[in-house]
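Down below is the structure, laid out as structure tokens.
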Amino acid sequence: MLAIAAAAAVVTTLVAVLIRWLPHSASEEMDRITFTYWFATVICIAIFSLVIGVIVYSVLAFRAQPDDDTDGPPIHGNTTLEIVWTVVPAILVIAIGIVSAIVLSKNADAGSNPLQVKVFAQQFAWRFEYPGKVRSEELVLPLRRHVKFEMTSADVIHSFWIPQMGQKQDVVPGIMTSIVVTPTRTGRFTLICTELCGLGHATMRAPVRVLEQAAFDSWLAKQKAAAGGGAGGGTTTTGGTDTGTTTGASDALGAKTFASSGCGGCHTFAKAGSDGQVGPSLDDLTGAAQKAGESVPDYVRQSIVDPNAVVVAGFQPGVMPQTFGDSLSTDELDALVAYVSGEESQ
Ligand code: CUA
């Protein structure tokens, strides 16, 4: 019986160990989650192998002979065995509970001086805000520092997950949820929405980059300078005619807003290189605007702010998020309208 049990244990352990089931960890939290996962799994493998071993042995050793029609012997149980199979699992389950509780509490601990990053989720895009009101569409994190994310959603429930960082947390409208991540290796990762949040759910991703502390500091300083220059208004441009730079800046903001708002996840738009099929194509809006009795820019603006006002034939109302009128700044909205309607090219 032991031989069978041991063979089963070896096979299951090989399957468990030789296949890489979990992503390569990139955070302290993921290290702890991986430990917990294997702690529970190894216990399960041992118990499973033991039970299967006993079952297989019993089937082989105690099976009735073909001509044996007699009843089995009366059995009144085995008190020692019952105590053992109650006490041992109880101890194991308690151990798993204690390890999990310690890991949960450590993974929620942001330490005394975490980097605070605000996360805004919206169908179907992520945005981040660093201390000093620095906004970014890319999530850039410093190596080996606790990062505390405070997250909220503008519309429906989303979920924040970077597979290699382990931690996962719902992002819910109306409340602030938080999560702590402490990156342990530099590199590029992807933030993935893991809550079905609408037709563009699968496209709701954001790039993540982990940098050494010094590189992170200079990135943050650069973002800060860029934001300050933008707010100062046109003083940072060098060369070119006035109209040229103004148009360029507006076009750049339009393109940036198009990308950060996740428009390309649902709409085909050649200028942005997107090929989404969820919503109507934005490549030629003249016909649709005429049908709606509006100029192209007015039609585009209305469709962003109040998407259900005019719904193109063949598409459903209520799919396009109705929150962009609130979540975009006036500058962003103007630039986006100009970018999509193509009026800045004149
Ligand atoms: Cu947001 Cu799925």
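If you scan region 22-67, which residues turn out to be surrounded by 11 or more Cβ atoms within 10 Å (Cβ to Cβ) and not in a helix (DSSP H, G or I)?
Of region 22-67, the ones surrounded by 11 or more Cβ atoms within 10 Å (Cβ to Cβ) are 22-58.
Across region 22-67, the qualifying residues are LEU22, PRO23, HIS24, SER25, ALA26, SER27.
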Condition broken by GLU137, with the remaining ones in (1) within 16 Å of the ligand (Cβ to nearest atom); (2) farther than 23 Å from ALA214 by Cα satisfied: (2)
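Can you find even one residue in region 261-284 that is assigned to a helix (DSSP H, G or I) and over 30 Å from the mean Cα position of the chain (by Cα)?
Of all residues in region 261-284, those assigned to a helix (DSSP H, G or I) come to 263-265, 270-272.
If we keep only those that are over 30 Å from the mean Cα position of the chain (by Cα) too, we end up with none.
Among the residues of region 261-284, not one is assigned to a helix (DSSP H, G or I) and over 30 Å from the mean Cα position of the chain (by Cα), which makes the answer no.
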Top-ranked residue in region 50-91 [being closer than 30 Å to GLU29 by Cα and modelled with pLDDT under 95; ranked as farthest from the chain's Cα centre (by Cα)]: VAL88
Any pair with Cβ under 7 angstrom, 6 or more apart, that starts in region 88-104 at a residue that is assigned by TED's automatic domain parsing to the domain that holds ILE179 and ends at one that is at pLDDT 95 or above: none
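Condition test on PRO114, is it of a type outside the set (Val, Ile, Thr), more than 23 Å from GLN277 (Cα to Cα) and within 16 Å of the ligand (Cβ to nearest atom)? I'd like the intermediate steps shown before the answer.
On the way: of a type outside the set (Val, Ile, Thr): yes; more than 23 Å from GLN277 (Cα to Cα): yes; within 16 Å of the ligand (Cβ to nearest atom): no.
Judged against the criteria, PRO114 is not a match.
Kindly state which strands (runs of 3 or more DSSP E) lie completely within region 141-180 and contain at least 1 residues that are within 16 Å of the ligand (Cβ to nearest atom) and under 22 Å from PHE35 (Cβ atoms).
Details: elements: 147-153, 158-161, 168-171.
Strands (runs of 3 or more DSSP E) meeting the threshold: 158-161, 168-171.
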Filter pass, THR236 being out of contact with any Lys or Arg (no Cβ under 7 Å at 6 or more places or on another chain), surrounded by fewer than 16 Cβ atoms within 10 Å (Cβ to Cβ) and either aliphatic (A, V, I, L, M) or at pLDDT 80 or above (or both): no
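The values are calculated or read from the model by the stated rules, or taken from the named source; none is laboratory data. Worth saying up front: this structure is predicted, and the values here are computed from it rather than measured. For neighbour counting, all protein chains shown are included, and Cβ atoms are generated from backbone atoms with ideal geometry for every residue, glycine included.
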